[in-house]
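First up is the structure itself, then whatever we jot down about it.
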Amino acid sequence: MSCYRPAHLAPCGSWLASDSGGSVCLNFGCAKAIAGKPAPTGILGWLILALCSLLLTGCVSQAPLPASNPTLPLPLQLHIERQQADQRQDWLLVIQREGPGIRWSMMDPLGIPQARQQLIDGHWQADGLLPPNPEARELFAALLFALTPSGELVRNYPAAQQQGEQRTLAPRWTIRYAQPLSFELNLPQGPHYRVSPLGEPTP
């Protein structure tokens, strides 16, 4: 997702918050205008600077997506085990085609929805009324990377590396496979995930 927005589409000082991409983008024209002004002072000034920094950081941190939708054996039902420190959570994830996109629906063991997103034309779009869930979008993007067939990996993720049973997209994700649909997903700062087909026992 590009963070550029032509100046004629939004006045200086406007910003966009999108559930679909998980990014908050600052109008470049506004950024130039801010750069040309004297540094603001006082509490309000610091708040403005902090907000601008947060907005720009949001644009940079969006999880990478493939150049085109990879060939996936859909529909899929996966058991997601999330581990961080001494805490463990279990989720059910359903991935299915819906119209022009791919729908991702995650729920807890009681069936309570945790996140719903649709990936359409290379962009995430909110599906339903659930609040934004940046961690879930990161997880979905990482799973898309993990589930991409080896023959389509380089085309969709030019920076990816695969050696034996391990696949990486540095510095973001490391995948260690036991089977094509059973693997561990590690993020540098955590959390760590164990993924397996629903109904298959967790090792």
For this session: With the condition kept exactly as written, say whether any residue in the stretch 97-107 is more than 25 Å from residue 67 (Cβ to Cβ), free of Cβ contacts under 8 Å to residues at least 60 places away in the same chain, in a strand (DSSP E or B) and under 16 Å from the mean Cα position of the chain (by Cα).
Result: no
Seminar exercise, completed: Exactly one of 90, 108, 127 is surrounded by 13 or more Cβ atoms within 10 Å (Cβ to Cβ) and of a type in the set (Asp, Glu), and that residue is 127
Problem set entry | Failed criterion for residue 132 (all others in (1) under 11 Å from residue 63 (Cβ atoms); (2) outside any strand (DSSP E or B) hold) | (1)
For this session: Just name the residue that is surrounded by the fewest Cβ atoms within 10 Å (Cβ to Cβ) out of those in the stretch 148-203 that are in contact (Cβ under 8 Å) with a residue 60 or more places away in the chain, among the charged types (D, E, K, R) and over 18 Å from residue 72 (Cα atoms).
Result: 200
For this session: Check the stretch 95-106 and report whether any residue there is at pLDDT below 95, touching a Ser or Thr at 6+ places or on another chain (Cβ under 6 Å) and not acidic (Asp, Glu).
Result: no
Seminar exercise, completed: For residue 199, the lone unmet condition from (1) touching a Ser or Thr at 6+ places or on another chain (Cβ under 7 Å); (2) more than 20 Å from residue 70 (Cβ to Cβ) is (1)
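The values are calculated or read from the model by the stated rules, or taken from the named source; none is laboratory data. Keep in mind that this is a model prediction, so the values were computed, not measured. Quick reminder, even Gly has a Cβ in these numbers, built from the backbone with ideal geometry, and neighbours come from all protein chains shown.
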